[in-house]
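The structure under discussion appears below in the form of structure tokens.
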Amino acid sequence: MVTKAVQYSATGRRKTSTARVRLVNGVGKVLINERSIDEYLPLETLRRIVNQPFDATGTQQRFDVLAIVDGGGLTGQAGALRHGISRALLQVDPSYRAALKQAGYLTRDPRMKERKKPGQPGARKRFQFSKR
């Protein structure tokens, strides 16, 4: 009889990026859109952001991450991945909540691009004023 691997799934968001994350027991491999993390995220700082929840909970090399990410840029996607991994880790063990919450990884970053308003060239910018 084949036993099904235990997996935990969660969704993370930041700006316009969305990450659907699955955690599976493994050795610490991270696959983003079926590509390795080194291939998908060129900057070391972005890779560090993705791994922060594992560092906070002391679960490095315990889970493989399978993620589907879309929308936004690489920084937003890395933030969405961190949010999704943190939420999935809560399903693994609810006692991780204190460490993750204290580090701020469970809070969705609400900052978004402000919309452009009609009658002006941008969100805040105004056309040049001339008295005559």
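Quick note: the coordinates plus some simple rules give every number you see, no bench work behind them. Since the model is a prediction, treat every value here as computed from it, not as a measurement. Don't worry about glycine lacking a Cβ; one is built from the backbone with ideal geometry, like all the others, and counts go over all protein chains shown.
Placing unit charges on the Cβ atoms of the charged side chains and taking the dipole of the chain about its Cα centre, the candidate lying farthest along the positive direction among Thr57, Gln102, Val27 is Gln102. At full extension, Ala99 and Ser130 could sit 5.6 nm farther apart than now, given 0.36 nm per residue minus the alpha carbon distance. Angle between the Cα long axis of helix 74-92 and the longest principal axis of the chain, 0 to 90 degrees, nearest 10? Long axis of 74-92 versus the principal axis of the chain: about 40 degrees.
Within region 4-26, what residues put their amide N at less than 15 Å from the label point 7 Å along the Cα-to-Cβ vector of Asp109? Within reach of a label on Asp109, which here means backbone N under 15 Å from a point 7 Å along Cα→Cβ, region 4-26 contributes 12-19. Pull up the cross-link candidates among the aspartates and glutamates for Lys15, meaning alpha carbon to alpha carbon under 13 Å and not fewer than 8 places away within one chain. Straight-distance partners of Lys15: Asp70, Asp109, Glu114.
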